[in-house]
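**Student:** Okay, handing you the structure first.
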Amino acid sequence: MIDHAYLIPLVPLIASIIVLLFGKEGPKSNMPLLSIGAMGFCWLDSCSILYKALTHQVSMPYPAPSLPWFTFGDYPVSLGLLLDGPAVFMTFVVTLVSLLVQIYSLGYMHGDTRFKRFYAYVGFFTASMLGLVLSSNLLVVFACWELMGVSSYLLIGFWFEKPGPAYASKKAFITTKLGDLGFYLGLLLLFAYAGTFEIPMLAQRASMGAVALPVEVATAAGLLLLCGAIGKSAQVPLFIWLPDAMEGPTPVSALIHAATMVAAGIFLVARTQFLYAASPLASDIVAWVGLLTAFMAATMALVAYDIKRVLAFSTVSQLGYMMLGLGVGAAGYTAALFHLTTHAFFKALLFLGAGSVIHAMHTNDMREMGGLSKKMLSTSVTMAIATLAITGFPGFSGFYSKEAILAAVYGHSPLMWAVALLTAGLTTFYMFRMMFMTFAGNPRDIAKHDHAHESPSVMTVPLWVLAVLSALAGFLLSHTGAFEALVHLPEASHGGHHPGFLLWSALAVFAGAAGLSYWLYGRGDFAVAADLKAKMSPIFTLLENRYGFDDFFLLLVKGSDVLARICFWIDERIIDRVFVDAWGLICLLLAEIQNFIDTLFIDGAVDLTGTVTGWAGGGLRGLVRGQVQEYLLYVAMAASLFAMLTLIH
Amino acid sequence: MTLTHYLALGAGLFAIGLFGALTRRNVIGILMSIELMFNAANINFVAFNRFLHPDRLLGQAVTIFNITIAAAEVVVGLALVLAIYRKLNTVYAEDYNLLKG
């Protein structure tokens, strides 16, 4: 199947087009099964590829055939696949998460009037992501990147009748577009210098040193591509769209956060890693952006009450972690992609679990929840597993990936490591806070609690699948060295030794944060927490306002609004008045003159012809009196006249 | 008797016929006057035939045709007159002015 890997993006794309254009729309439509079937096929395909790669039946990167696309001047551009370790893992993760999300949505979206369209969009979304992951051509990556922007717009605004989703979808689209501009410029810069969009060729060129690719170019291109990644992967300062994107259906959030969209930015930076390797400055900026994002998002998650927003900030924070990993060298590269893989499992699980809770409670507000563990056993247990995974509890998948990143960061800069460790503590704190507020203690909204019930098995089975993966994937992939064998940079040193206190300090932070969380939120009433909030209200307000980033961008929007109004005023008052209206007046004047000439001369001539004809007719009329003998007389006279004329000649 | 005598006779007959056609009120009279003009023409045909080409019979043949056609014309003309008389109850040509403009 590996020779037909191009089917992986194509099959969902075709399926989504079929689902969109054919078949019956409605809550009972069975078109979703086609979409799920297509995704299942892709998943099996990616499984077989992953299996072959893990058992070394094929060597990575696999030389997949490519197709000529078009020729730009002297530069041929081709459509090809880049099947290397990251792509194989990512394909597996994306297809699996998308498959599970789609199965889950059978329950979650059940009864929605646009049931079928949802699946078409999700299929399209996944197909774009798969195209991005597998393509060897940065131009195709960019195209898929934009297609993903479109599908995220459609899916976040899926319930577009409501103002919230409509606003959020616009915000997501425009915010990410801001970054995409950088991506595109970076792409052009790379092409201008290297004359190709092919990632392997670009990497080869970068490896030849500063002669082939000057450091300044690598820095500029790397930073521009980073802009795209910042937009798509919701890094500081463009993370503002992600929390609002929670307005979309929860399975979509799971997809965006785990498999598609936000993973794309990380993946892009990983794909173009050679640029950052060539430019220490760009690499440092990647690391700092990641660190800043991880820390700020974690602090914002501390004060959120909306269960999905907590998870959204958590995603931003974890993506920051990955970005940080990508910025700290070869060890961080492997660790970041490993974290991307494990994070996909547990973040998808967390979102689907949150969706299950929302489905049962019909609210997002954690203050109205509580005590759900008795009612929703599957959901609470699977979410607990995911929480342990994301917080890095030993043995769970997040533990391995997070430790790997922390170790890589420590090797790069202990200061960064300290902040990252603090962020890990914050993560532990807010994740346990979320779990305690949702599932532990006594119900706070009795009516909603009584209404709640466990979700159908079509929703819980995907949760369990993801729970198993969240628990075991890290151990399996890390201990066997399978991940590192496939995903590593040439210069990486295998099995580096890390100081033992890294592990101990991480565990200590975990225990401390979990304990603090229990003390504040796990004991039924939140008296201590409320007291703390009252004492530190300025900080809380700052965090709830998301450090003012939203306001800042809103100010930018308002500024451009004012600019637009000024332009409008100039347009209306000056351009319209002077050019349009004056020209109109001149035309009117000319038309009046022409009208005058027309009336007087042309019409006059026409009328004159008619009048003369009338007169002539009136005069001749007297001759024709209906007397047959008169007519005969005229004939005789005429005949005589002609006879006389003939005789005269 | 020269050709001139015959032509003069024809011309005189034609003039009488034309005068009658222009001045008679009675439509039957007009028809009769037209017959006179026909015959004036016939005399011309025959005379030209006799004096210019005595070895041929073309003029005489045309005259025979003319006599036949004149007979048919009189039949049609009288039938029309009869029909008009039944409709308008008059034989005076000045009353036949239904088509006047």
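**Student:** Working only within region A:405-424, note down all residues that are surrounded by fewer than 24 Cβ atoms within 10 Å (Cβ to Cβ) and part of a helix (DSSP H, G or I). Please lay out each step first, then the result.
**Tutor:** Residues of region A:405-424 that are surrounded by fewer than 24 Cβ atoms within 10 Å (Cβ to Cβ), as a first pass: A:407, A:410-419, A:421-422.
Passing the criteria: A:407, A:410, A:411, A:412, A:414, A:415, A:416, A:417, A:418, A:419, A:421, A:422.
**Student:** Filter region B:9-22 for residues that are more than 8 Å from chain A (Cβ to nearest Cβ) and within 22 Å of residue A:638 (Cβ to Cβ) and give the result.
**Tutor:** Those that are more than 8 Å from chain A (Cβ to nearest Cβ) and within 22 Å of residue A:638 (Cβ to Cβ): B:10, B:11, B:12, B:13, B:14, B:15, B:16, B:17, B:19, B:20.
**Student:** Residues that are among the hydroxyl-bearing types (Ser, Thr, Tyr) and surrounded by 24 or more Cβ atoms within 10 Å (Cβ to Cβ): find the helices (runs of 4 or more DSSP H) completely inside region A:238-356 holding 3 or more of those.
**Tutor:** Qualifying helices (runs of 4 or more DSSP H): A:307-326.
**Student:** Scan region B:83-99 and tell me whether some residue there is modelled with pLDDT under 90, surrounded by 12 or more Cβ atoms within 10 Å (Cβ to Cβ) and of a type in the set (Gly, Ala, Ser).
**Tutor:** yes
**Student:** Identify the single condition in (1) at pLDDT 90 or above; (2) among the charged types (D, E, K, R); (3) surrounded by 21 or more Cβ atoms within 10 Å (Cβ to Cβ) that residue A:116 does not satisfy, given that it satisfies every other one.
**Tutor:** It fails just one condition, (1).
**Student:** Further question: So is residue A:389 aliphatic (A, V, I, L, M), surrounded by 19 or more Cβ atoms within 10 Å (Cβ to Cβ) and over 23 Å from the mean Cα position of the chain (by Cα) or not?
**Tutor:** yes
**Student:** Between residues in region A:72-84 that are among the β-branched types (Val, Ile, Thr) and residues that are not in a strand (DSSP E or B), which pairs lie under 7 Å by C-beta distance while being six or more apart or on different chains?
**Tutor:** Close Cβ pairs (under 7 Å, with a partner that is not in a strand (DSSP E or B)) amount to A:77/A:139; A:77/A:197.
**Student:** Is it the case, given these coordinates, that residue A:148 is crowded, with 20+ Cβ neighbours inside 10 Å and modelled with pLDDT under 90?
**Tutor:** Against the criterion (crowded, with 20+ Cβ neighbours inside 10 Å and modelled with pLDDT under 90), residue A:148 does not qualify.
**Student:** Only one of these is in a helix (DSSP H, G or I) and within 14 Å of residue A:94 (Cβ to Cβ): A:11, A:19. Name it.
**Tutor:** Going through A:11, A:19 in turn, just one is in a helix (DSSP H, G or I) and within 14 Å of residue A:94 (Cβ to Cβ): A:11.
**Student:** Would you list the helices (runs of 4 or more DSSP H) that sit entirely within region A:562-649 and hold 3 or more residues that are surrounded by 10 or more Cβ atoms within 10 Å (Cβ to Cβ) and within 14 Å of chain B (Cβ to nearest Cβ)?
**Tutor:** Result: A:603-621, A:628-648.
**Student:** Moving to a separate point now. Can you pull out every residue in region A:42-62 that is surrounded by 12 or more Cβ atoms within 10 Å (Cβ to Cβ) and either at pLDDT below 85 or touching a strand residue (DSSP E or B) at 6+ places or on another chain (Cβ under 6 Å) (or both)?
**Tutor:** Answer for region A:42-62, where residues must be surrounded by 12 or more Cβ atoms within 10 Å (Cβ to Cβ) and either at pLDDT below 85 or touching a strand residue (DSSP E or B) at 6+ places or on another chain (Cβ under 6 Å) (or both): A:58, A:60, A:61, A:62.
**Student:** To continue, here is another question. Could you list, ordered by first residue, the pairs with Cβ atoms under 6 Å in which the first is in region B:89-101 and more than 7 Å from chain A (Cβ to nearest Cβ) and closer than 13 Å to residue B:27 by Cα and the second is at pLDDT 85 or above and in a strand (DSSP E or B), at least 6 apart or interchain?
**Tutor:** B:91/B:26
**Student:** Taking region B:53-84, which residues are more than 19 Å from the chain's Cα centre (by Cα) and either in contact (Cβ under 8 Å) with a residue 24 or more places away in the chain or within 14 Å of another protein chain (Cβ to nearest Cβ) (or both)?
**Tutor:** Correct list: B:84 only.
**Student:** Within region A:91-113, take every residue that is among the aliphatic types (A, V, I, L, M) and closer than 21 Å to residue A:342 by Cα and give me the one that is surrounded by the fewest Cβ atoms within 10 Å (Cβ to Cβ).
**Tutor:** This residue is A:103.
**Student:** Ok, one more. Given the conditions (1) of a type in the set (Asp, Glu); (2) more than 14 Å from chain A (Cβ to nearest Cβ); (3) free of Cβ contacts under 8 Å to residues at least 24 places away in the same chain, report the number of the one that residue B:35 does not fulfil.
**Tutor:** (3)
**Student:** If I ask for residues that are closer than 16 Å to residue A:221 by Cβ and aromatic (Phe, Trp, Tyr), which ones from region A:157-201 would you list?
**Tutor:** The answer is A:183, A:184, A:191, A:193, A:197.
**Student:** Given the conditions (1) out of contact with any Pro (no Cβ under 8 Å at 6 or more places or on another chain); (2) of a type outside the set (Gly, Ala, Ser); (3) in a helix (DSSP H, G or I), and given that residue A:196 satisfies all but one, which numbered condition is not satisfied?
**Tutor:** Just one mismatch for residue A:196, condition (3).
The values are calculated or read from the model by the stated rules, or taken from the named source; none is laboratory data. This is a predicted model, so every value here is computed, not measured. FYI the Cβ positions are ideal-geometry reconstructions off the backbone, even for glycines, and counts take in every protein chain you see.
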